[in-house]
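To start, the structure itself, in structure tokens.
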Amino acid sequence: MARADAGGSRSGKHLHEAALKRQHAREQWSVLSLVVPAMIVIVLIILIPLSWLFYLSFLGDDGGFSLENYHKMTQYKSYYRIFVTTFQVSILTTLACIALGYPLAFFLAQLPPRWAGVFMLAVLLPFWTSLLVRTYAWLVLLQKRGILNEFAMQVGLWETPIKLVHNLTGTLIGMAHIMLPFLILPLYNAMRKIDKDMMHAAANLGANPINAFWRVYFPLSLPGMVAGSLIVFVLCLGFYVTPAVLGGGRVIMVSNHITAILENQFDWGAASALGVVLLVATTFTLYVAARLFKFDAALFGRD
Amino acid sequence: MNWWSRPAADTQITHGNRLWLYVLSAIIMLLLVAPTLIVVPMSFSDSQYLEFPPSTWSLRWYEEYLGSAKWMRATATSFQVGFLTMLVATPLGVMAAYALFVSRHRATRAIFLLLITPMIVPVILIAIGTFYAYGRVGMNNTIAGLVLAHSALALPIAIIVVTAGLSSYDLSQEQVARSLGATRTKAFFLITLPQIRFSVITAALLSFLTSFDEVIIAIFVSGGANATLTKHMFAALRDYIDPTIAAISTIMVILSSALLLLTQFLGSKGKRN
């Protein structure tokens, strides 16, 4: 009897299982279908236009497949200079952000959360303010008779006004200011997650504060710093507004050149090819980084 | 023990030892905030030139701004596009975030990566790409075209904010409602949505601001009577400097500060609940 019962319930379970499974699958699909509208927007605005640009970049003058748009990049010295400038500006901006962002993130992470929230407004306010407004503010601050030149001359740092804007210096200052929150926010979050007992233990085992910092805290904060630096670096690679305004035509990055090609020559093939190179460089950086460090969570705010 | 020699951290380092860090942090915070706020006093200057601090004060740049048909038209466009972007990106973002959060399907990771591509692809590429595609279908210089492109930019932000809200919410409440007979839709609107409302509002505000502050796509895709505020501002900054920009900047700073404080307030309220 018991055997038969058990057998009966087993086959009954199987029966339900199939129905449940079907229902579950249907349910999964109906829930997942909610992403469709968002995906349509992304397909229309990102995938189709990007594929089009990709196609255009391989189109020769005669309308057939050709690599001439890419070949041009290796031929002209102007392209070489643009790539060098782009990497130079991106690397220097990232380094400046680390130098300024690390101490501030550390300071904020040490504060009680309540106070950290208050001081964090200093990071969030510029983050939320239009980058045009901030670029404009730097234009004013850095000009020949601007507050920075006047101050430096009064203190005696230099005698005659020096050119701080419409060149590389101005671009770097403006970009570092705009990018700083992108480094501080992920770094701060990573630092907050460091177990306080680690530093306790280090101190308990005889490490002095400097030793404890460099050998325990710093390595633990490194993933956050790398994630933040990569965001900054990748955003810098494609930056347009700040070099255009604060560079005064002397700092030409890839984005600026893409615009210039379209404005002056209306050469879609050349502009697209340069765009594809920019996209590949960006994706490659992120891919390598994702491989090396597991920072998906820090980068995208999701585990 | 006074404050100075009290330990500041677990390694028994004192506040006195840490003084350099406090000074350095104060300087960096000043560097972050000052350039954002400097436009406020500048906008009240009476001078044609960019001088700081201003020697004489006036409201002439505000009069100039409010009296200019071009700037008023651009401001209206920016608000309109920002508002419509918010109306498109918020519901789409909530739907996508909810689906990706609830679903256990294998494809969720790939879909998530696809939906956040607007954050990874350099904006200049989105700008020239949509400019080219819109050229083919006659959507350049239209409000609808700009709203669609800005919605793509705002979507990943909305999705990330709402996902964060969902992860601090206990989904079993919705299951309870459904086991008591509510449909999934009903359970979502009656149980889940009220509890993640603060992240949804934050996502909406951020979507608005993303569109309102966006420059590069607007330069390419907007124009004519539908040119945005940022498009005109960029042209003004690159070609000739007009102190009217300071007045407009001040208004933009006030707007973003207000929205920022609102989200901070909502955030702390959201945590308390």
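The combined condition, being over 22 Å from the mean Cα position of the chain (by Cα), farther than 26 Å from B:Asn141 by Cβ and within 11 Å of chain A (Cβ to nearest Cβ), is not fulfilled by B:Arg60.
The condition of being touching a His at 6+ places or on another chain (Cβ under 9 Å) and not assigned by TED's automatic domain parsing to the domain that holds B:Gly224 holds for only one of B:Pro7, B:Pro54, that being B:Pro7.
For region B:184-273, which fully contained helices (runs of 4 or more DSSP H) count at least 1 residues that are in the same structural domain as B:Ser167 (by TED's automatic domain parsing)?
The qualifying helices (runs of 4 or more DSSP H) are B:184-187, B:197-213, B:216-221, B:229-239.
Of all the residues in region A:35-65, those that are facing another protein chain (nearest Cβ under 7 Å) and of a type in the set (Val, Ile, Thr) number 6. The residues of region A:61-102 that are exposed (fewer than 12 other Cβ atoms within 10 Å of the Cβ) and not in a helix (DSSP H, G or I), listed by number, are A:Asp61, A:Asp62, A:Gly63, A:Gly64, A:Phe65, A:Leu67, A:Tyr76.
Here is a yes/no grid of residues against (1) within 13 Å of chain A (Cβ to nearest Cβ); (2) closer than 26 Å to A:Leu180 by Cα; (3) in a loop (DSSP other than H, G, I, E, B):
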{"site": "B:Leu31", "(1), (2), (3)": "yes, yes, no"}
{"site": "B:Met42", "(1), (2), (3)": "yes, yes, no"}
{"site": "B:Gln48", "(1), (2), (3)": "no, no, yes"}
{"site": "B:Ala74", "(1), (2), (3)": "yes, no, no"}
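Count of region B:89-145 residues, restricted to those that are of a type outside the set (A, V, I, L, M, F, W, C), more than 9 Å from chain A (Cβ to nearest Cβ), under 30 Å from B:Gln195 (Cβ atoms) and surrounded by fewer than 21 Cβ atoms within 10 Å (Cβ to Cβ), is 2.
Only a single item in (1) touching a residue at least 24 places away in the same chain (Cβ under 8 Å); (2) among the acidic types (Asp, Glu); (3) touching a strand residue (DSSP E or B) at 6+ places or on another chain (Cβ under 7 Å) is not met by B:Glu64, and it is number (3).
Tell me, please, whether a residue that is in contact (Cβ under 8 Å) with a residue 60 or more places away in the chain, of a type in the set (A, V, I, L, M) and more than 10 Å from every other protein chain (Cβ to nearest Cβ) can be found in region B:223-234. Walk me through it before giving the result.
From region B:223-234, those in contact (Cβ under 8 Å) with a residue 60 or more places away in the chain are B:223-232; that's our starting set.
Going one step further and asking which of them are of a type in the set (A, V, I, L, M), we end up with B:225, B:227, B:229.
The next check asks that each one be more than 10 Å from every other protein chain (Cβ to nearest Cβ); those that pass are B:225, B:227.
Yes: one or more hits.
Within region B:202-216, the only residue that satisfies the criterion of being among the aromatic types (Phe, Trp, Tyr) and at the interface with another protein chain (Cβ under 9 Å from one of its Cβ atoms) is B:Phe212. Does A:Ala202 satisfy the criteria of being touching a Lys or Arg at 6+ places or on another chain (Cβ under 8 Å) and not in a helix (DSSP H, G or I)? In short, no.
Being facing chain B (nearest Cβ under 8 Å) and of a type in the set (A, V, I, L, M): is that true of A:Val140 here? When the stated conditions are applied, A:Val140 passes them. Only one of the numbered conditions (1) of a type in the set (Gly, Ala, Ser); (2) part of a helix (DSSP H, G or I); (3) under 23 Å from A:Thr85 (Cα atoms); (4) in contact with a Gly (Cβ under 9 Å, 6 or more places away or on another chain) is not met by A:Ala260, and that is (4).
The values are calculated or read from the model by the stated rules, or taken from the named source; none is laboratory data. On a predicted model such as this, the values are computed, not experimentally measured, just so you know. For neighbour counting, all protein chains shown are included, and Cβ atoms are generated from backbone atoms with ideal geometry for every residue, glycine included.
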